[in-house]
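So the structure is just underneath, and the comments pick up after that.
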Amino acid sequence: MKQIIKLIIASSIALVSSVSAAPLNVFSGWNMLANEDGVGSSYGCSLSRSDCVGPGYGGQKFDAEYLFYKLEGSKLSVGLQTGFDVVSDNGYVYSDGRRYYNGDLALSFDGNTNNYEYAVDFGNATRGYNNNAAISAGASDVDAAGLYSVTQWNNDIYYGQSAPYGMDAGSLVLAANSSNFSQGSALGLDNLLSYYSIFSFDLSNIANLGQTFGFAAHWTMSCGNDEIEGATTVSVPEPGPLLLLGLGLIGLVTVRRRMKK
Ligand SMILES: [Ca+2]
Ligand SMILES: [Ca+2]
Ligand SMILES: [Ca+2]
Ligand SMILES: [Ca+2]
């Protein structure tokens, strides 16, 4: 009996220690596009270190954790959760005597993940790993936060396989404001701090988009120590007969009210 209890306790401890930061409450009810949450030697590192996030290391501060999306009518919301501080207006994480910068959230709508033709810029500084030069659609290392159409990516990162990294050239499609952009941080279930950024936009902002399209998102930081990506197929629902009937009834009521006046 004691043996069994010991076994139960041991397996409980094992379960607890393998629990990593859960999706933050802000993503409750969203679709998970990618789950890359975890720190430790099982996360694909070539180095056998306990702070591996794969392909590099750095622990929770460099852990890309989740990508989410949510579709409401023709409004698409995309969300990133990461242990990397994408919220600070400095836009970098200081570690081992140097600055590591956040990349842009790369988005693809054409089913081809060799090419990410859009980006959500969080409005932080983005710089290259090797040459420390500004990576930006403009002149400085900070672009206004928002959705961009991207013509060129810059992949000056340590782990090249974690590309794409930062928008090098592009044009603003939709600026971020308080109604379409939100950021924050919170402790996950295991008391590790996670940061999130959420951007929402109407799909009419995306050029040449069909009603069903291959959607993908990708994110990394200037070392490329960790990266996250996910892909799915999204279908935008047409207004159904019931919705059309509802709109018709609203129209009738409006007409009747006007006639009464
Ligand atoms: Ca984590
Ligand atoms: Ca990884
Ligand atoms: Ca990760
Ligand atoms: Ca930028």
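The values are calculated or read from the model by the stated rules, or taken from the named source; none is laboratory data. Model, not experiment: these values are computed from the prediction. A quick note on method: Cβ atoms are made from the backbone with ideal geometry, for glycine too, and the neighbour counts reach across all protein chains shown.
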Inset, instruction - Would you check if there is a residue in the stretch 180-188 being within 16 Å of ligand 1 (Cβ to nearest atom), in contact with an Asp or Glu (Cβ under 9 Å, 6 or more places away or on another chain) and outside any strand (DSSP E or B)? - result: yes
Inset, instruction - Tally the residues that are more than 14 Å from ligand 1 (Cβ to nearest atom) and more than 30 Å from S200 (Cβ to Cβ), restricting the search to the stretch 45-74. - result: 7
Legend entry - Given (1) closer than 30 Å to S46 by Cβ; (2) within 16 Å of ligand 1 (Cβ to nearest atom); (3) part of a strand (DSSP E or B), index of the condition D168 fails: (2)
Legend entry - Members of the stretch 22-73 found to be of a type in the set (D, E), surrounded by fewer than 20 Cβ atoms within 10 Å (Cβ to Cβ) and within 26 Å of Y101 (Cβ to Cβ), listed by number: D51
Inset, instruction - Can you confirm whether the stretch 160-172 contains a residue that is out of contact with any Leu (no Cβ under 7 Å at 6 or more places or on another chain), among the polar types (S, T, N, Q) and within 16 Å of ligand 3 (Cβ to nearest atom)? - result: yes
Inset, instruction - List the strands (runs of 3 or more DSSP E) that sit entirely inside the stretch 26-143 and contain at least 2 residues that are at pLDDT 95 or above and farther than 22 Å from A163 by Cβ. - result: 31-35, 64-72, 75-82
Inset, instruction - Within the stretch 207-227, track down each residue that is more than 18 Å from the chain's Cα centre (by Cα) and either crowded, with 16+ Cβ neighbours inside 10 Å or within 15 Å of ligand 2 (Cβ to nearest atom) (or both). - result: L209, F213
Inset, instruction - Quick one: count up the residues across the stretch 116-141 that are touching a Ser or Thr at 6+ places or on another chain (Cβ under 8 Å) and more than 23 Å from T82 (Cα to Cα). - result: 1
